[in-house]
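Note sheet for the following structure.
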Amino acid sequence: MLSDDLEIKPGNAPVSSSVATADMQENLRRLDRLANLGLVSASIAHEIKNGLVSINVFVELLLQKGEDQEMTEIVRRELKRIDTLVTQMLRFSTPKSKTFSQVHVHQLLDHSIRLIEHQMSGRMITLERDYQAVPDVVHADESQLQQAFMNLLLNAVEAVGNNGELTIRTENVTGVDGMRRLKICIGDTGSGITPENLARLFEPFFTTKKNGTGLGLSITRRIIEEHRGVIEVQSQAGKGSTFIISMLVE
Ligand SMILES: Nc1ncnc2c1ncn2[C@@H]1O[C@H](COP(=O)(O)OP(=O)(O)OP(=O)(O)O)[C@@H](O)[C@H]1O
Ligand SMILES: [Mg+2]
């Protein structure tokens, strides 16, 4: 059963608190929560699938008995629909292997912008591209990186509402470690973020939107960190926000 299979142990990371810094502990807590999230969805999907199998058997029996053919057909059709949904959910919650390649960030940004353009149409939103990075190539899973860009772009569009400005900027920087990095900044002149919300921004399920899931930023951060990158945010309530991704240049 679900309750027996599920093992949720918050804060069970094998690191002694005397060596872990506050940042490390926070990171581990976050990883825990994300791992649990995947575990919970997979377990729930699995349980629903088990339930569906037995319901299906009874529906087949009712059909054979010829009792209320029409209603039984409806039940059967809906069961099939739920089964398909749950199969997709299971597929989504099991970790996918990544396909790494050389990704041209400017092309991928352009493509992502094209995909969210219809969300901006009919509003007074201007978009400025300031692509400075040369080269603009990173080693990444293109579709995951696109998902990260789109999450940030959609948040920016939602934050500006009916009028405002989005700025997409890239540049190369050399860190104190001598490594060359590509910085991708997605800025908006939208609502901005209050200091208390800023602290919870990347938590799974944290949302201030009526229909938000609060998963966009936690997924984005996971993707960037799995690419050995960093994501940061600067924001001022009422003025706007800028999300900054930093990744190693290929
Ligand atoms: N560019 C931004 N400007 C202002 N607030 C933002 C911005 N991006 C994120 N936020 C805040 O962070 C919260 C979490 O964002 P996240 O993308 O994780 O979830 P969401 O946008 O609420 O829901 P979903 O992404 O599932 O539609 C948002 O609800 C919003 O309060
Ligand atoms: Mg979002």
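Things worth noting here:
- Annotation: V176 fulfils all but one of (1) modelled with pLDDT under 95; (2) part of a loop (DSSP other than H, G, I, E, B); (3) near ligand 1 (Cβ under 10 Å from one of its atoms); the unmet one is (3).
- Looking at T242, T208, just one residue is in contact with a Gly (Cβ under 8 Å, 6 or more places away or on another chain), modelled with pLDDT of 90 or more, within 15 Å of N155 (Cβ to Cβ) and within 13 Å of ligand 1 (Cβ to nearest atom), and that residue is T242.
- Here E250 fulfils each of the conditions (1) assigned to a strand (DSSP E or B); (2) away from ligand 2 (no atom under 13 Å from the Cβ); (3) under 25 Å from H111 (Cα atoms) apart from (1).
- Candidate set: the stretch 127-142, residues that are in a strand (DSSP E or B) and of a type outside the set (A, V, I, L, M, F, W, C); chosen: the one surrounded by the most Cβ atoms within 10 Å (Cβ to Cβ): D141
- Screening F205 on (1) surrounded by fewer than 17 Cβ atoms within 10 Å (Cβ to Cβ); (2) hydrophobic (A, V, I, L, M, F, W, C); (3) more than 25 Å from L37 (Cβ to Cβ) shows it passes everything except condition (3).
- Within the stretch 208-232, being within 13 Å of ligand 2 (Cβ to nearest atom) and either among the aromatic types (F, W, Y) or surrounded by 14 or more Cβ atoms within 10 Å (Cβ to Cβ) (or both) holds for G214, L215, G216, L217, S218, I219, T220, R221.
- Answer residue from the stretch 138-160, given it is near ligand 1 (Cβ under 10 Å from one of its atoms) and among the β-branched types (V, I, T) and is nearest to L109 (Cα to Cα) among those: V157
The values are calculated or read from the model by the stated rules, or taken from the named source; none is laboratory data. Keep in mind it's a predicted model, so treat the numbers as computed, not measured. Don't worry about glycine lacking a Cβ; one is built from the backbone with ideal geometry, like all the others, and counts go over all protein chains shown.
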